[in-house]
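*Asks:* A single structure is presented below for examination.
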Amino acid sequence: MSPRPKVALDLTTILEAAGEIADQHGSVEVTLANLAKKLNIRPPSLYNHFDGLSGLRKELAIYGLGQLYLVLAQAAIGVSGDKAVIALSKAYVQFARIHPGLYEATLLAPDPEDEEVQQKGAKIVELTLRVLQAYELEGDRAIHAVRGLRSILHGFSSLEQRGGFKMALDADESLIIIIRAFLAGMGD
């Protein structure tokens with residue numbers, strides 16, 4: 001039997017591989033055995049990086065939230081107002097399209113109250129609050145707007161992933177119409 005090739009194993013390499021499994025086969029297929037097989041290592045080697053399957057799922061959720069944040073932040077650079085909200089919205093939906101399993105993993109952290117998970121999620125909330133500053137929302141009203149926007153984007157992404165938009169209409173155009181209606185309603 002030939003020896004296994006040495007793989008430089010760091011947490012990022014492991015999480016990228018886990019994200020690929022999630023995107024190709026669904027987040028439930030991200031197991032220690034499947035990940036070890038993909039990385040061509042033995043499963044016990046993964047315990048050097050996290051504590052079992054729940055540790056892997058937590059790290060994958062944190063990684064996914066970080067990747068989502070980067071995509072959203074990039075989309076928001078250099079634009080403001082309606083253009084920024086639309087750019088952020090399109091980037092969110094596109095992330096869910098390109099990385100359906102990784103996106104799902106962001107929602108399935110074993111303990112959503114975990115401090116590290118909360119910190120990564122909070123960065124996305126803070127970014128969204130900054131994008132919405134153009135609408136002069138303050139306090140609870142600003143948080144309600146963030147929740148509303150997230151609900152729209154998650155609902156749209158979830159429906160699309162489950163085949164809910166089969167009509168011969170451009171889904172991106174639908175998204176923009178929905179976001180414009182949301183923005184028009186924020187003034188009320």
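*Asks:* Could you check I41 against (1) aliphatic (A, V, I, L, M); (2) in contact with a helix residue (DSSP H, G or I) (Cβ under 7 Å, 6 or more places away or on another chain); (3) more than 20 Å from K120 (Cβ to Cβ); (4) surrounded by fewer than 19 Cβ atoms within 10 Å (Cβ to Cβ) and say which number it fails?
*Replies:* Condition (2) is where I41 drops out.
*Asks:* Separate question: Which residue, of V71, V79, is closer than 24 Å to A134 by Cβ and more than 16 Å from the chain's Cα centre (by Cα)?
*Replies:* V79
*Asks:* May I pose another question? What are the residues in region 129-142 that are out of contact with any helix residue (DSSP H, G or I) (no Cβ under 8 Å at 6 or more places or on another chain) and either surrounded by 13 or more Cβ atoms within 10 Å (Cβ to Cβ) or not acidic (D, E) (or both), if any?
*Replies:* Once the filter is applied, which keeps residues that are out of contact with any helix residue (DSSP H, G or I) (no Cβ under 8 Å at 6 or more places or on another chain) and either surrounded by 13 or more Cβ atoms within 10 Å (Cβ to Cβ) or not acidic (D, E) (or both), region 129-142 yields Q133, G139, R141.
*Asks:* Further, regarding this structure: Which residues, taken from region 1-60, are of a type in the set (V, I, T) and either at pLDDT below 90 or assigned to a loop (DSSP other than H, G, I, E, B) (or both)?
*Replies:* If the condition is that a residue be of a type in the set (V, I, T) and either at pLDDT below 90 or assigned to a loop (DSSP other than H, G, I, E, B) (or both), then V7, V30, T31, I41 are the ones that fit.
*Asks:* Kindly check whether there is at least one residue in region 147-157 that is among the small types (G, A, S), within 13 Å of Y92 (Cα to Cα) and surrounded by 15 or more Cβ atoms within 10 Å (Cβ to Cβ).
*Replies:* yes
*Asks:* Continuing with this model, one more query. Can you tell me which of L88, L32 is among the hydrophobic types (A, V, I, L, M, F, W, C), surrounded by 14 or more Cβ atoms within 10 Å (Cβ to Cβ) and more than 25 Å from A171 (Cβ to Cβ)?
*Replies:* L32
*Asks:* Go through (1) loosely packed, with under 15 Cβ neighbours inside 10 Å; (2) closer than 23 Å to Q161 by Cα one by one and return the number of the condition G52 breaks.
*Replies:* The single condition G52 does not satisfy is (2).
*Asks:* Any idea which of K37, K58 is of a type in the set (D, E, K, R) and touching an Asp or Glu at 6+ places or on another chain (Cβ under 9 Å)?
*Replies:* That would be K58, the only listed residue that is of a type in the set (D, E, K, R) and touching an Asp or Glu at 6+ places or on another chain (Cβ under 9 Å).
*Asks:* Just for region 30-65: of the residues that are of a type in the set (G, A, S) and closer than 16 Å to P112 by Cβ, which one is nearest to the chain's Cα centre (by Cα)?
*Replies:* G64
The values are calculated or read from the model by the stated rules, or taken from the named source; none is laboratory data. The model shown is predicted, which means the values in this text are computed figures rather than measured ones. Note: ideal-geometry Cβ built from the backbone for every residue, glycine included; neighbour counts use all protein chains shown.
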